[in-house]
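The structure appears right after this line, and notes come after that.
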Amino acid sequence: MRQNYFRSTWRNLARQKDGSNQRLTPLATFRNLILLSLLLPSARTFAQTNTSPNESWLTEYDECQDYGEVYVVKKITKPCRSYQTFLTDKNGRKLTPAYRDIGDFEEGLAEFVPMQLNQQGHGLHGFIDKQGKVIVEPNYISTDRFRQGKTWVIYPADTHY
């Protein structure tokens with residue numbers, strides 16, 4: 001149904017460009033406005049990546065994610081190149097040193113990457129808990145979230161991974 005609607009709308013626009021003087025009827029205009037009013041709130045929800053907590057200390061960070069009793073906050077110096085990520089409590093007290101990245105918490109653990117790189121120039125991945133304690137040391141080239149107590153990891157094994 002939606003495909004037919006969009007096809008007919010596209011044809012109408014093409015006719016208008018061709019010089020025919022067909023105009024949208026008031027009913028079609030009203031229908032388009034209703035569709036837009038229904039789509040815009042959902043688009044805003046899907047585009048939202050950060051929570052918007054009220055704590056004033058969060059304004060010093062560029063991104064934040066609320067995980068109940070803790071926040072993962074990020075300060076970006078150069079987009080896609082230089083940033084620091086911290087785990088903080090609700091009062092803004094840092095629970096971890098600056099990390100390159102901290103992922104989403106799943107089953108009480110979050111993937112993290114320290115600032116220092118290994119000899120090959122990789123940022124190794126490990127896991128921390130919500131108190132900032134390192135649970136799994138950063139020894140892996142890549143990992144994912146825990147699901148049912150398990151995750152996958154990539155690590156070097158001789159000349160292979």
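FYI, it's all coordinate maths here, none of it is from the lab. Predicted, not measured: the structure shown is a model, and the values here were computed from it. Cβ: placed from backbone, ideal geometry, glycine included. Neighbour counts: every protein chain shown.
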PHE146 long-range amide H proximity, modeled H, under 5 Å | GLU106
Among all the lysines, which ones have a C-alpha under 20 Å from LYS133's C-alpha, if same-chain residues fewer than 8 places away are not counted?
-> LYS74, LYS90, LYS94, LYS150
Residues whose placed amide H lies under 5 Å from that of LEU124, excluding near-sequence neighbours = ASN118
Would you mind calculating the gained length between GLN119 and ARG93 on full extension (0.36 nm times residue separation, minus the Cα-Cα distance), in nm to one decimal?
-> 6.2 nm
Per-residue HN-Hα couplings for region 134-140, Karplus 6.51 cos²θ - 1.76 cosθ + 1.60 at θ = phi - 60°, whole Hz, x for Gly and Pro?
-> 6, 9, 10, 4, x, 10, 10
Roughly speaking, what is the stretch gain from ASP104 to TYR155, that is 0.36 nm per residue apart minus the C-alpha to C-alpha distance, in nm to one decimal?
-> 16.3 nm
Whole-Hz couplings from phi, Karplus 6.51/-1.76/1.60, listed for region 147-158; x for Gly and Pro | 9, 6, x, 10, 8, 9, 9, 10, 9, x, 9, 6
Sort the following peptides by mean Cβ neighbour count (other Cβ atoms within 10 Å, averaged over residues), highest first: 105-113, 83-91, 153-161.
-> 105-113, 83-91, 153-161
Other-chain or far-sequence residues with amide H under 5 Å of TYR67's (modelled H) | VAL72
